[in-house]
Amino acid sequence: MKNGKIGVAIGCFILGCFLALVFFFTGKSISDIYELQIKKTKYDPYANMYGRKLCQDARFSCVVIDKDTAWDKFRPDARERELIMKLNRLNIPLKKGMTVAIPKDLKKSLMDFSPYPKKTASIGEKFIVFDPALLAWAAYDKDGNLVRWAPGLGGKDYCPDIKRACRTIVGDFAVTMKGHATSRSGAYPIGCGGKGKPCALMPWVMYFYKHLYGIHGSDTMVGYHASHGCVRTFSDEAKWLNQNFVEIGTKVFVKPYPK
């Protein structure tokens, strides 16, 4: 017992000396240093947005939004606005602190910025590929020519409301059913349907695995993977896919998430 008390006393003496030295050399207490560290590591809700990745590309310049604003106020020209929104995988209102990547050459089209090759191996039929690493899908014709690409946000690593991982299923699939402009989820948000709150809109949905995973339009393109498993895209892009490209049986290839 006596040795234990001596050990505690020595430990307190060493800790006291350490705290005194910190204060002597920095003029700051441990609590001050802790507060500074907290500020340095302050949570950034926009850290994973795709626009920040584009900032590393020499074709873009980046702007940090200084106040909440609407897209039409930020960029009045409709064509430029659409290009910037789709490249940033973003259609929600702009919030202070967001980083938006802007092409230096705004005369270019979305196809000029394709993250997919213009030509790939033919499989003898048209197909869609979704790559979570690119946050984008691409449509190829039967000869392997790129027809169109657009933003695509997949499932999150973890969904708190269902307490499990909810990434988009990976593998080779085929479209099993096509919806319409007013299609809705049958499950989300939790508790929707019936006499309760309406389920989420999924305009122009194209299911490729049972009625669990599909590609559909969304007004909540947030710049990072955010769904319960479906692939979200801009509603005009979903309509184009649904009405002009996809048929029942069209192949859909979902690549693995980056490690």
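The values are calculated or read from the model by the stated rules, or taken from the named source; none is laboratory data. It should be emphasised that the depicted structure is a prediction, and the values quoted were computed from it without experimental measurement. A quick note on method: Cβ atoms are made from the backbone with ideal geometry, for glycine too, and the neighbour counts reach across all protein chains shown.
Are there strands (runs of 3 or more DSSP E) fully within the stretch 197-259 with at least 2 residues that are β-branched (Val, Ile, Thr)? List them.
Passing ranges, in order: 231-233, 251-254.
Can you name the condition, by its number, that ASP66 falls short on among (1) modelled with pLDDT under 95; (2) farther than 17 Å from THR220 by Cα?
With (1) modelled with pLDDT under 95; (2) farther than 17 Å from THR220 by Cα applied to ASP66, the lone miss is (1).
Can you name the strands (runs of 3 or more DSSP E) wholly within the stretch 70-188 that have at least 2 residues being more than 23 Å from VAL205 (Cα to Cα) and not hydroxyl-bearing (Ser, Thr, Tyr)?
By residue number, 99-103.
Report yes if some residue within the stretch 35-49 is touching a strand residue (DSSP E or B) at 6+ places or on another chain (Cβ under 7 Å), of a type in the set (S, T, N, Q), outside any helix (DSSP H, G or I) and modelled with pLDDT of 90 or more; otherwise report no.
no
So the check is Cβ under 8 Å with 6+ separation or different chains; which pairs have a first residue in the stretch 107-126 that's closer than 25 Å to LEU87 by Cβ and a second one that's assigned to a loop (DSSP other than H, G, I, E, B)?
From residues that are closer than 25 Å to LEU87 by Cβ, the pairs are PHE113/ARG59; PRO115/LEU134; TYR116/LEU134; LYS119/GLY144; THR120/GLY144; LYS126/ASP141; LYS126/LYS142; LYS126/THR250.
For the stretch 199-254, which positions are within 17 Å of ALA187 (Cβ to Cβ) and among the aromatic types (Phe, Trp, Tyr)?
Matches in the stretch 199-254: TYR207, PHE208, TYR209, TYR213.
Output the residues belonging to the stretch 176-205 that are in contact with a helix residue (DSSP H, G or I) (Cβ under 6 Å, 6 or more places away or on another chain) and among the hydrophobic types (A, V, I, L, M, F, W, C).
Within the stretch 176-205, TRP204 is the sole residue that qualifies.
Kindly establish whether ASP57 is over 23 Å from LEU153 (Cα atoms) and either charged (D, E, K, R) or not in a strand (DSSP E or B) (or both).
When the stated conditions are applied, ASP57 does not pass them.
Would you point out the residue of the stretch 147-161, among those that are touching a residue at least 24 places away in the same chain (Cβ under 8 Å) and either exposed (fewer than 13 other Cβ atoms within 10 Å of the Cβ) or closer than 12 Å to GLY214 by Cα (or both), that is nearest to the chain's Cα centre (by Cα)?
Checked the stretch 147-161; the qualifying residue nearest to the chain's Cα centre (by Cα) is LEU153.
Considering only the stretch 239-256, I want to know if a residue exists there that is among the small types (Gly, Ala, Ser) and more than 13 Å from ALA174 (Cα to Cα).
No; the residues of the stretch 239-256 include none that is among the small types (Gly, Ala, Ser) and more than 13 Å from ALA174 (Cα to Cα).
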